[in-house]
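Visitor: Can you read through this structure? Questions will come right after.
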Amino acid sequence: MGLICDCSVVVNALSVDNNVKFQRVDGTVKGDLKYLANVCDNNLDASSLTLRFTDKEQAGGVDRSFLFVAGTITSVVCRKICMNCEVTVTGTGTVGGVTYPFEAVFRDQVASSNVDDVQSFVITGFFDQNGAAPVPQGSIVAVGCV
């Protein structure tokens, strides 16, 4: 981003075969989650975050795939969890032209033997990734946990 950030996260991650939940849909839906983020607490206006869900089941002939694009990021909070760095990002974004609040929690695992994970991603009133989603080590880079 070219800025000095007190708290930031860069994400380019894919998590496959996750059982997620949608509002007003019984049970879970299996699919892949692609996360992209470049978020800096000192420049929220220039920050970006997207989530693409690809429905692998299409139960009943319904494809629930979607692209969520954050329009406004209102908060970025870093906190140290043992030796790891956890970054919580909140704001609002859109799916199919409808605006929803969201909260995403990314965890950068320090040990190279551990995978990183997206602890949670909730689009209020629309979607919940339904638990932590593992992603390859190094696909989440967080800075600012002290």
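The values are calculated or read from the model by the stated rules, or taken from the named source; none is laboratory data. The shown structure was predicted, so the numbers you read here are calculated from the model rather than taken from an experiment. Neighbour counts run over all protein chains shown; Cβ positions are idealised from the backbone, glycine included. SASA here: full protein model, heavy atoms, side chains in, ligands and nucleic acids out. Shrake-Rupley method; radii C 1.70, N 1.55, O 1.52, S 1.80 Å.
Visitor: From the set of residues in segment 4-26 that are of a type in the set (D, E, K, R) and part of a loop (DSSP other than H, G, I, E, B), which is farthest from Arg52 (Cα to Cα)? Explain how you work it out, then say what you get.
Guide: Taking segment 4-26 as the starting set, the residues that turn out to be of a type in the set (D, E, K, R) are 6, 17, 21, 24, 26.
Among the residues that remain, those that are also part of a loop (DSSP other than H, G, I, E, B) are: 6, 24, 26.
On the way: Asp6: 27, Arg24: 20, Asp26: 21 Å.
Residue satisfying both the conditions and the ranking: Asp6.
Visitor: Sticking with this structure for a sec: What pairs come out if I take residues in segment 54-68 that are closer than 10 Å to Asp17 by Cα and pair them with residues that are surrounded by 13 or more Cβ atoms within 10 Å (Cβ to Cβ) and polar (S, T, N, Q) whose C-beta lies under 9 Å away, six or more apart or interchain?
Guide: Thr54/Ser65; Asp55/Ser65
Visitor: Which ones in segment 97-125 are over 12 Å from the mean Cα position of the chain (by Cα) and under 18 Å from Ile73 (Cα atoms)?
Guide: Gly97, Val98, Thr99, Tyr100, Pro101, Thr124, Gly125
Visitor: Within segment 24-36, is even one residue at pLDDT below 95, aliphatic (A, V, I, L, M) and either more than 19 Å from Asp128 (Cβ to Cβ) or loosely packed, with under 14 Cβ neighbours inside 10 Å (or both)?
Guide: Scanning segment 24-36, I find at least one residue that is at pLDDT below 95, aliphatic (A, V, I, L, M) and either more than 19 Å from Asp128 (Cβ to Cβ) or loosely packed, with under 14 Cβ neighbours inside 10 Å (or both), so the answer is yes.
Visitor: Limited to segment 1-15, what total is found for residues that are over 18 Å from Phe68 (Cβ atoms) and either without any contact (Cβ under 8 Å) to a residue 40 or more places away in the chain or surrounded by fewer than 17 Cβ atoms within 10 Å (Cβ to Cβ) (or both)?
Guide: Summing the residues that are over 18 Å from Phe68 (Cβ atoms) and either without any contact (Cβ under 8 Å) to a residue 40 or more places away in the chain or surrounded by fewer than 17 Cβ atoms within 10 Å (Cβ to Cβ) (or both) in segment 1-15 gives 5.
Visitor: Can you tell me which residues in segment 118-133 are assigned to a strand (DSSP E or B) and either modelled with pLDDT under 95 or aliphatic (A, V, I, L, M) (or both)?
Guide: Across segment 118-133, the qualifying residues are Val118, Val122, Ile123, Ala133.
Visitor: Of the residues Phe106, Phe68, Phe53, only one is open to solvent by less than 40 Å² (accessible area, probe 1.4 Å), part of a strand (DSSP E or B), modelled with pLDDT of 95 or more and farther than 19 Å from Pro134 by Cα; which?
Guide: The match here is Phe68.
Visitor: Within segment 22-30, does at least one residue satisfy the condition of being in contact (Cβ under 8 Å) with a residue 40 or more places away in the chain and over 16 Å from the mean Cα position of the chain (by Cα)?
Guide: Taking segment 22-30 first, the residues in contact (Cβ under 8 Å) with a residue 40 or more places away in the chain are 22-23, 28.
Subset that is over 16 Å from the mean Cα position of the chain (by Cα): 23, 28.
Looking for residues that are in contact (Cβ under 8 Å) with a residue 40 or more places away in the chain and over 16 Å from the mean Cα position of the chain (by Cα), one finds at least one in segment 22-30, hence yes.
Visitor: Do you know which of the residues in segment 77-103 that are open to solvent by less than 20 Å² (accessible area, probe 1.4 Å) and in contact with a Cys (Cβ under 6 Å, 6 or more places away or on another chain) is farthest from Ser48 (Cα to Cα)?
Guide: Here the answer is Cys85.
Visitor: Return yes or no: is Leu33 within 14 Å of Ser139 (Cα to Cα) and touching a Ser or Thr at 6+ places or on another chain (Cβ under 6 Å)?
Guide: yes
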